[in-house]
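Below: one structure, written as structure tokens.
The values are calculated or read from the model by the stated rules, or taken from the named source; none is laboratory data. Since this is a predicted model, take the numbers as computed values, not measurements. Neighbour counts are summed over all protein chains in view; Cβ atoms, including those assigned to glycine, are modelled from backbone coordinates with ideal geometry.
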Amino acid sequence: MKKLFAFTLTEIMIAVAIIGVISAMTVPTLVNNYQKNAYIVQLRKVINDIVSAADLYITENGKQDLSQVIFKVSSPPEVEIEKFVNSKLKVIKTCDSDETGCFASEKYISIDGEQEVDIADYFNENVNLKQYVLANSAAIYLEPDIVPGNNNKIRLKIIIDTNGADGPNIGGRDTFIMYLNPDLTFRDTGDLYYCSDSAIGKNCLYTLMQDGWKMKY
């Protein structure tokens, strides 16, 4: 007759405790990595949608670059930006520059928690520029900006909150600021390889691109 072996209750409880400790250490990291990846995927989608839309808009207007389309003597840049967004992007909501509802109304904070800003402080109060919520839930704000060293060229300053008014509203996580150049390449607003101290996500695009689109910060 074969003798059967079984785990004792104590051994089972020890095994369960070990599994619990391992889960407690690994699950938060896995969830955090998943969230970071989701932010990156959404950011890249928004960027690709804007570039594709701008390229089509340039072609349809018979121009050579974005600046030639936005910078027209007969029409203010903000009017052309509004035409571009509404005709080439899937907009589900529009807000005036002094309204809340597209971006979060509460303060945006930096990753290190030391900086917080009202995102409306980054909107140009001198012109009636709009905020938009796209069909993918991202909020965007576009503003004309003179290309440094060339007063005849205009680029776009763009603020992106990848999930709109929803949290976490942290610079470098779901919120980024950047420039779209006339040739449809992107440029960061900062020059440092570091973004954890910006509540609006300065330097973060450059950091992501240098790290192969991985949030190592």
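So the values come out like this:
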| read-out | value |
| --- | --- |
| Glu11 vs. criteria modelled with pLDDT of 90 or more, over 29 Å from Gly172 (Cα atoms) and surrounded by fewer than 15 Cβ atoms within 10 Å (Cβ to Cβ) | no |
| Pair list, Cβ under 6 Å, 6 or more apart: segment 132-147 residue in contact (Cβ under 8 Å) with a residue 12 or more places away in the chain, other residue outside any strand (DSSP E or B) and surrounded by fewer than 17 Cβ atoms within 10 Å (Cβ to Cβ) | Leu134/Lys90; Ala135/Lys90; Glu143/Asn124 |
| Tabulated pairs, segment 31-51, first free of Cβ contacts under 8 Å to residues at least 40 places away in the same chain and surrounded by 15 or more Cβ atoms within 10 Å (Cβ to Cβ), second in a helix (DSSP H, G or I) and among the hydrophobic types (A, V, I, L, M, F, W, C), C-beta under 6 angstrom, 6+ apart or interchain | none |
| Residues of segment 37-49 satisfying the condition of being under 22 Å from Tyr179 (Cα atoms) and not polar (S, T, N, Q) | Tyr39, Ile40, Val41, Leu43, Arg44, Lys45, Val46, Ile47, Asp49 |
| Filter pass, Thr175 being surrounded by fewer than 20 Cβ atoms within 10 Å (Cβ to Cβ), hydroxyl-bearing (Ser, Thr, Tyr) and under 18 Å from Asn48 (Cα atoms) | no |
| Matching residues, segment 188-217, being free of Cβ contacts under 8 Å to residues at least 12 places away in the same chain and either closer than 24 Å to Ile81 by Cα or not aliphatic (A, V, I, L, M) (or both) | Asp211, Gly212, Lys216 |
| In segment 96-132, the residues that are out of contact with any Phe, Trp or Tyr (no Cβ under 9 Å at 6 or more places or on another chain) and closer than 16 Å to Ile160 by Cβ | Ala104, Tyr108 |
| Hits in segment 207-217 (condition: outside any helix (DSSP H, G or I) and of a type in the set (A, V, I, L, M, F, W, C)) | Trp213, Met215 |
| Whichever residue in segment 178-197 is hydrophobic (A, V, I, L, M, F, W, C) and over 12 Å from the mean Cα position of the chain (by Cα) and, among such residues, is surrounded by the most Cβ atoms within 10 Å (Cβ to Cβ) | Cys195 |
| Segment 111-145: number of residues that are among the hydrophobic types (A, V, I, L, M, F, W, C) and in contact with an Asp or Glu (Cβ under 6 Å, 6 or more places away or on another chain) | 3 |
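Table: residues versus (1) over 16 Å from the mean Cα position of the chain (by Cα); (2) more than 15 Å from Ile47 (Cα to Cα); (3) buried (at least 20 other Cβ atoms within 10 Å of the Cβ); (4) not charged (D, E, K, R).
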position: Ile92; (1), (2), (3), (4): yes, yes, no, yes
position: Asp96; (1), (2), (3), (4): yes, yes, no, no
position: Ile111; (1), (2), (3), (4): no, yes, yes, yes
position: Asn136; (1), (2), (3), (4): no, no, no, yes
